[in-house]
Amino acid sequence: MLNYIKINTNNLIDNIKYVKNNYDFCYYGFNVSNNAFFHGMYLINYLEGLVDYLYVNNFNDLLMIRKYNKDIPVIYNGVINEDNVYDLIINNAIVVIHSGQLLQEIRSLKLKDTLSFVFYVDPKGLVGINDKQDILDFLREDNKYFNLLGVMANLKEKEDDDFKYIIRPINNCKLMILGNEDDKNKKFGANMIVFDYAAYGVNKKKKKLFQKNDNSFKQVFGMYSRIIKIKKENHNKKVKYIAVIPLGYYHGMSDNIKQVYIKDKLYPVMKVDKEFTYLEVDENIKENMEVEVSSSNNPLENYFDNHPFYYFSLFNSNIPIIFDDYILEKTLIY
């Protein structure tokens with residue numbers, strides 16, 4: 001196998017434990033949207049006892065989760081309509097409801113199985129419920145098949161009072177998912193956090209000049225290749241060694257990656273084309289050596305400044321994913 005992605009599950013576990021040790025919440029969720037940000041949903045097999053909930057925004061992600069785990073609670077923040085609401089119930093999803101109108105539409109379907117959900121509250125009124133009346137209307141009606149678990153929001157401090165007013169009828173719910181991974185404090189009575197890029201090993205750089213970067217997380221995936229050829233060239237009486245790996249634009253390689261890691265050293269990338277990448281190496285590098293295009297030894301954060309979700313997309317290719325106990329071939333269904 002010349003090109004492959006290797007998932008370091010030990011790094012994944014260490015990252016999650018670090019987050020839990022530094023974020024004081026009752027419940028911990030893990031965002032595995034977009035096929036676990038292209039790491040492969042198989043990685044949830046390693047999460048037992050580490051997280052309480054998974055989070056996705058795509059129905060296909062929910063189905064992939066259920067292929068590997070039938071029981072772990074999944075919060076689904078995606079499209080909800082009469083075509084998929086029954087499948088969401090069957091797959092035991094906790095759906096995010098963004099409006100009272102949507103709740104009424106679901107109610108009109110006359111469900112005979114219980115739908116668990118959380119309200120998404122947005123005091124600005126852009127993407128969620130912004131009026132306490134929607135919540136009161138729900139509470140006043142017969143809710144036999146509707147199980148309200150809590151509230152989800154992403155708030156700024158100036159919205160605190162409006163938010164508290166809106167959720168006052170349900171402020172003792174089980175789940176209060178407020179803010180995001182960057183908010184270490186339990187704002188507005190939050191008791192749950194959903195983390196994402198930290199668990200995958202992304203260290204975001206501080207934007208302010210005198211803020212110290214916290215490089216506590218280890219990159220979970222590594223993209224690997226092998227040297228298929230060494231070319232030896234003479235330039236002005238100096239010998240130059242050029243290594244070729246069969247990884248180009250077609251496979252997900254990017255011009256942004258300026259160095260690769262071989263053996264115990266970083267080597268510069270000279271050129272990338274459709275099928276191959278050319279590296280400037282030295283006499284110690286031989287054919288068939290493994291090349292870490294990116295890994296914890298050469299993290300992508302060095303090349304994609306504060307764009308964690310963008311650079312995950314580099315690995316949305318047909319390259320197989322290797323876990324400790326499994327090889328996940330990239331096919332249409334996986």
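The values are calculated or read from the model by the stated rules, or taken from the named source; none is laboratory data. On a predicted model such as this, the values are computed, not experimentally measured, just so you know. Every residue, glycine among them, receives a Cβ derived from its backbone with ideal geometry; neighbour counts consider all protein chains shown.
Quick notes on this one:
- Test: residue in the stretch 140-162 that is in contact with a Pro (Cβ under 7 Å, 6 or more places away or on another chain) and more than 21 Å from Val85 (Cβ to Cβ): yes
- Ser116 being among the hydroxyl-bearing types (Ser, Thr, Tyr), touching a residue at least 24 places away in the same chain (Cβ under 8 Å) and touching a Leu at 6+ places or on another chain (Cβ under 9 Å): yes
- The residue that is surrounded by the fewest Cβ atoms within 10 Å (Cβ to Cβ), among those in the stretch 1-43 that are of a type in the set (Gly, Ala, Ser) and within 29 Å of Leu247 (Cα to Cα), is Ser33.
- Residue match in the stretch 72-85 (condition: over 26 Å from Gln104 (Cα atoms), assigned by TED's automatic domain parsing to the domain that holds Leu178 and not polar (S, T, N, Q)): yes
- The strands (runs of 3 or more DSSP E) found wholly in the stretch 196-294 and carrying at least 2 residues that are among the charged types (D, E, K, R) and either modelled with pLDDT under 95 or within 30 Å of Ile13 (Cβ to Cβ) (or both) occupy 229-235, 238-245, 290-294.
- Checking Val151, Val127, Val121 one by one, the residue that is under 19 Å from Asn180 (Cα atoms) and surrounded by fewer than 20 Cβ atoms within 10 Å (Cβ to Cβ) is Val127 and no other.
- Looking only at the stretch 117-173, and only at residues there that are acidic (Asp, Glu) and in contact with a helix residue (DSSP H, G or I) (Cβ under 8 Å, 6 or more places away or on another chain), the one that is modelled with the lowest pLDDT: Glu157
- Candidates Tyr241, Tyr267, Tyr250, Tyr278, filtered to the one that is within 28 Å of the chain's Cα centre (by Cα) and in contact (Cβ under 8 Å) with a residue 24 or more places away in the chain: Tyr250
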